[in-house]
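Before any comments, here is the structure.
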Amino acid sequence: MKLGLGTGGLVASTVLAMVLTAGTAFGQDPNYVLAASSGSGSTGDPVSSTVTLDSSLGADLQGWSFGLCSDPLALQVDLATVGADTFLADEDGFIDLATYPGGATLGVVMCLTGCLVLPPSPSLDILTVDYTILGTADTPVTPCDTLGTPPVAMVVVVGGSSIAPVSVAGNIDVIDPNQLVASSATGLLGATVDSTISFNNVTLGAADAASISVTYDDSVITIASVANSAGADFFEVQPGTASGELVIGLIMDTTSPLDNFIAASPASTALATITWNGVGVGSSAIAFTDGLGSPPANNGVVFGQAGLYAPSLVDGAVTIVNFNAFLRSDCNSDALVNIADGIYLLNFLFQGGPDPVCDDACDTDDDADLAVNDAILIFLYQFSEGAPPSAPFPTADLDPTPGDGLGCDNDADDQP
């Protein structure tokens, strides 16, 4: 295999022409699909696009050539590498790979004497181009025939004929690093749980105001209260025009001198804390949704006299479970862990003592089995510097291993 690096369109086009002995077909052939993958990142981040070729409905391939075009103002081309299937080219084959400010080109002949072809395949790994994101807006990466001198054609070679494949562009999604974020939380059925809406400021100055509109599943959670976490002078909460909608508006300072702000970068500022009632078992997304309320409100922050700035939106979720919190090794349910808990478990196991209110609490090693070892571990912890009980310990909390058949006080994990 002969590998040329950086020599560009002239070599690729010339060598491919050597195998085009039976003529040329025009028009895109849907039996061959050349597709560039998509990616995402923030300005300054590395990102890659991989080009694959679907020839599953076609015939044996002798070679191919194409360019992968990008906007040099949006993406900096760092490196281009041939894919695993390109490297299958015979030692008597040819690979020409070149990079340009606006992308990369690749020309491949599997074997100059026709000794090797690639059989039809749904996903041939052809080329990967690595970039650094320069811009702030989404930008495409597109299979093309405009790079190089002369331009490298976008073709696959079958039986000595060039065939134009269908091309599918990828997209580099440029993510704004400044984010409105809804935190996630887990709560108990019939209790309350908090989640917070925050602004993560990575690159911007101090902000004066914010607008928040979210949806939620009111069969799982309902609003108990909404707190002004930012200390804004003006803080208004309204339901949306439909159930499961919440709109919040806040202005940090309404009187002179205007010196109260959402913090400048780098900072994360809690804007609002929502206390939810857990009314149903399940999970509810806390989803930022523009256009809620009357008049419609969009999500964003305001800087001075500028309009509403729309940062990235990071949804959260609140999960409601029907489990009871407990303290591991508190077998007698007195909110303490000591020698009495081990003795209580032994009495239950061997003396016909009362059933524990919370079986899971007695399972010191969290192996889903109540045994004498659980009592021994309590004694070792108390008197011989043994390992502490498994979580939740040393404070009460939810079971980190639900579904093991040991529950607590008739909760959803309690099995008969």
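Read-outs throughout are calculated quantities, based only on the coordinates presented, and are distinct from any laboratory measurement. All values derive from a computational prediction rather than experimental measurement. Backbone-built Cβ (ideal geometry, glycine too); neighbour counts: all protein chains shown.
Laid out as a table, the results:
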| quantity | calculated |
| --- | --- |
| Residues in segment 213-230 that a label on T319 would reach, taking backbone N under 19 Å of a point 7 Å out along Cα→Cβ | 216-222 |
| Residues whose placed amide H lies under 5 Å from that of L127, excluding near-sequence neighbours | V51, G83 |
| Integer Hz, Karplus 6.51/-1.76/1.60 couplings in order for segment 275-281, x for Gly and Pro | 9, 9, 8, x, 10, x, 6 |
| Simple Cβ-charge dipole of the chain, Lys/Arg +1 and Asp/Glu -1, about Cα centre, in debye nearest 20 | 1860 |
| Spin-label model distance (nm) - N260 vs I339, 7 Å beyond Cα toward Cβ | 5.8 |
| Gain in span if fully extended, T43 to Q76, counting 0.36 nm per residue against the direct Cα distance | 10.8 nm |
| Order by protection proxy (mean Cβ within 10 Å, highest first), peptides 116-122, 319-325 | 319-325, 116-122 |
| Among S167, T241, V220 the positive-end extreme of the charge dipole of segment 103-257 (Cβ point charges) | S167 |
| Per-residue Cβ neighbour rank within 10 angstrom, fewest leading, E385, E245, E236 | E385, E236, E245 |
| Full-extension gain in nm, N171 to V202, via 0.36 nm per residue minus C-alpha separation | 8.8 nm |
| Y309-A396 FRET efficiency (beta carbon distance; Förster radius 51 Å; 0.05 resolution) | 0.75 |
| Added length on full extension, which subtracts the Cα-Cα distance from 0.36 nm per residue, F379 to D253 | 39.5 nm |
| Helix-only CD estimate at 222 nm, as mean residue ellipticity for the chain, using -39500 (n - 2.57) per DSSP H run (n ≥ 4) | -2500 deg cm²/dmol |
| Distance from segment 49-88 to segment 210-267 (C-alpha centre basis), Å | 48 |
| Rg over Rh, two decimals, the chain (C-alpha only, Kirkwood Rh) | 1.18 |
| Computed label-point distance, nm, for sites S268 and T192 using a 7 Å Cα→Cβ extension | 2.4 |
| Cβ-based exposure ranking for L204, L73, L53, in which fewest neighbours within 10 Å come first | L73, L204, L53 |
| Among L79, L57, L68, residue whose mean-square fluctuation peaks in a GNM of the chain (springs only between Cα atoms under 10 Å) | L57 |
| For T52, T395, T86, order by how many other beta-carbon atoms lie within 10 Å, fewest first | T395, T52, T86 |
